[in-house]
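Okay, so here's the structure we're looking at.
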Amino acid sequence: MKLVVVSAGLSSPSSTRLLADRLAAATLEHAGAEAEVVEVRELAVEIAQHLVTGFPSARLAAALDAVAAADGLIAVTPVFAGSYSGLFKSFFDLIDKDALTGKPVLIGATGGTARHSLVTEHAMRPLFAHLRALVVPTAVYAASEDWGQDGLASRISRAGRELARFMVPDRQNAGPAEAPDTAAAIAPRSLTGAITSVDPGSGFDVVPFAQQLAALRVE
């Protein structure tokens, strides 16, 4: 399996790259995969040129292809003006609109204060939902005061486990006997499309909600 890590930190070293590396390490503890890191900072000029010319350099094309071919993706950005950085967004603007469909993605962000901790929910999660990616439940935000704290370490560990669970090698070519548990097994859906906590294939009868409400009516 292939894990691709996209880090949009602007300095070297950076807290954004540090968080990206720790998320990757936590994922690799639970998934037999090889990791590739894309440092968006190193591609900044080529991203700008591609946006105005429509033609990527060989190095940028390789990075975009790596993201598209990944079995799992980790995306980490610093916070700028309450949202992801422009460089981070510009890189993902160049990704093919179908490249992330169904791909498991772990999102993370770094900032100087805990006041920006919801950036993962109000900015990053909607971005990857628009790209039809499968964003894992736990997002990790690291403020300056979080480093070295047990809370951050536990969130990183939990997020890594979740991404590893969702990663499926060669999902398009795997046959029914080869494909491991997927999101459908983790969050099964009823015949109406609603997510349930019960696997419909287990033989358990799911009572429709309307029928449950009818049973509560007082005659």
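Summary table below
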read-out	value
Flag for G54 being modelled with pLDDT under 95 and on the phi > 0 side of the Ramachandran plot	yes
Residue list for the stretch 110-149, filter: open to solvent by less than 30 Å² (accessible area, probe 1.4 Å), touching a residue at least 60 places away in the same chain (Cβ under 8 Å) and in contact with a helix residue (DSSP H, G or I) (Cβ under 8 Å, 6 or more places away or on another chain)	T110, V140, A142
Qualifying residue in the stretch 149-166 (condition: under 21 Å from the mean Cα position of the chain (by Cα), more than 19 Å from A24 (Cβ to Cβ), modelled with pLDDT under 95 and not small (G, A, S))	no
Per-region count, the stretch 21-40, residues open to solvent by 80 Å² or more (accessible area, probe 1.4 Å) and part of a helix (DSSP H, G or I)	1
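The values are calculated or read from the model by the stated rules, or taken from the named source; none is laboratory data. This structure is a prediction, so every number in the text was calculated from the model and none was measured. All Cβ positions, even for glycine, are placed from backbone atoms using ideal geometry, and neighbour counts span all protein chains on display. In case anyone asks, the SASA skips ligands and DNA or RNA and just uses the protein heavy atoms, side chains included. Shrake-Rupley method; radii C 1.70, N 1.55, O 1.52, S 1.80 Å.
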